[in-house]
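Worksheet for the structure shown next.
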Amino acid sequence: MPGHRVALVTGAARGIGRAIVDALAADGFHIVALDLDFEGSDLVESGSLALVRYDLTDIAGIAALVASLGRIDVLINNAGVQPGLAIDDYTEAARERALAVNLKAPVELIRTVSQQMLERHRAHPSGAAGRIVNLTSVAAFMAHTDLWYGVTKAGIVSFTRSFAARLGPQGIQVNAVAPGPIDTDMLNKAAQPERRAELMQRVWSHRTGTPQELAEVVRWLAADAPVILNGAVIDVTDGCFLR
Amino acid sequence: MYEQLPQSRKDGVMRSVYSGRACTPQEVAQAILWLGSASPEYMNGMTLDVNNGAYPR
């Protein structure tokens, strides 16, 4: 058994995922960084960082992928796509891709990764079995101009709670983070301008959040949050969505 | 405070808690410590639920 903790981070090449890699690495994690491609990413493979190219629309291949990765202590379901389309402009391909990457893939990743976490719990019931963090969005709770994106983010809240209820008794934490506007390509290029303007009107600091700010919340959930914190959704919105 | 609750109320809360146990003061303190020291500026005006499924929202 390795002496270090291993974290699998999806969507790791850029944006929030890239910042999560740095935050977890600084905390001593070894990282398996997964993305569709690493073109333009500054991530470089090393003894503590493995780069895995994988298309998360391939749901059927996820079990074999996870089996090939070895021990995973922490799973960060960060990968997501936002087509940025009005409902009348959606194509079947865009809808199916959003549903696959944002919903089906993280469910299958949790299902498969949690199997080894459950085995660890059976072997060492008092030890840390594993932690899972899912990236949702304020889109889960608000009307959204990209309807299918909002549907997938609401679904992430749902499966976070379902898995927390199922795995919590075995010492596995499953939590989610719901960011507001964060300075990423997804917000700056993919999101519809009216959506961005709507969010920024309500933000107290009048600025977007940084990927590093969000990454600290993910790191805390992955490493330091008390075990009793489970099935929770932490809003990182600076006032753009209050509940 | 928790110990003073009627048993029926405690049983009701425990039925929905994933771990089947009450939270310790130390666990709540862990969350408070992070909020007071390392949580990012952009996390503002929110309520951090530490209830293990007793009240998901």
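Readers should treat all values here as calculations from the given coordinates under stated rules, not as data from a laboratory. Predicted model, so just to flag it, every value in this text is computed and none were measured. All Cβ positions, even for glycine, are placed from backbone atoms using ideal geometry, and neighbour counts span all protein chains on display.
Can you pull the Rg over Rh of segment A:4-93, Cα-only, Kirkwood?
Details: Rg = 14.4 Å, Rh = 14.0 Å.
Here the Rg-to-Rh quotient is 1.03.
Helix-only mean residue ellipticity at 222 nm, the protein assembly as shown, DSSP H runs n ≥ 4 weighted -39,500 (n - 2.57), per residue, nearest 500. What is it? If you can, show how the numbers build up before the last one.
Working: 9 runs with 114 residues, N = 300.
So the helix-based figure for the protein assembly as shown works out to -12000 deg cm²/dmol.
Take A:Ile87, A:Ile59, A:Ile20, A:Ile72 and order them by how many other Cβ atoms sit within 10 Å, fewest up front. Kindly include the intermediate steps, with their values, before the conclusion.
Working: A:Ile87 10, A:Ile59 15, A:Ile20 32, A:Ile72 20.
Taking fewest neighbouring Cβ atoms as first place, the list is A:Ile87, A:Ile59, A:Ile72, A:Ile20.
Pull up the cross-link candidates among the aspartates and glutamates for A:Lys104, meaning alpha carbon to alpha carbon under 18 Å and not fewer than 8 places away within one chain.
Within reach: A:Asp35, A:Asp55, A:Asp58, A:Glu92, A:Glu96.
Find me the longest stretch of chain A that has none of the exposed GluC sites (Glu not before Pro), where exposed means in a DSSP loop (not H, G, I, E or B) with at most 13 other Cβ atoms within 10 Å.
Counting at most 13 other Cβ atoms within 10 Å as exposed, the longest clean stretch of chain A is A:46-243.
Please state the charge dipole magnitude for the protein assembly as shown, taken about the Cα centre, from unit charges on C-beta atoms (+1 on K and R, -1 on D and E), reported in debye and rounded to the nearest 20. Please list the in-between numbers first.
Numbers: 27 positive and 31 negative charges, 213 e Å.
The calculation lands at about 1020 debye.
Have a look at the DSSP beta bridges in the protein assembly as shown and tell me what percent are antiparallel, nearest 5. Present the calculation step by step, with values, prior to reporting the outcome.
Numbers: 1 of 29 bridges.
In the protein assembly as shown, approximately 5 percent of DSSP beta bridges are antiparallel ones.
Cα atoms only: what Rg and Dmax, in Å, come out for chain A?
So, for chain A, Rg and Dmax equal 17.1, 52 Å respectively.
Give the Kirkwood hydrodynamic radius (Å, one decimal) of segment A:114-172, defined as one over the mean of 1/r across all pairs of different Cα atoms. Kindly include the intermediate steps, with their values, before the conclusion.
Details: mean 1/r = 0.0782 Å⁻¹.
After inverting the mean inverse Cα-Cα distance, the result is 12.8 Å.
Output ³J(HN,Hα) for segment A:130-136: one whole-Hz value per residue in order, computed from phi by the Karplus curve 6.51 cos²θ - 1.76 cosθ + 1.60 with θ = phi - 60°, and x for Gly and Pro.
Per-residue couplings from phi come out as x, 9, 10, 10, 10, 8, 9 Hz.
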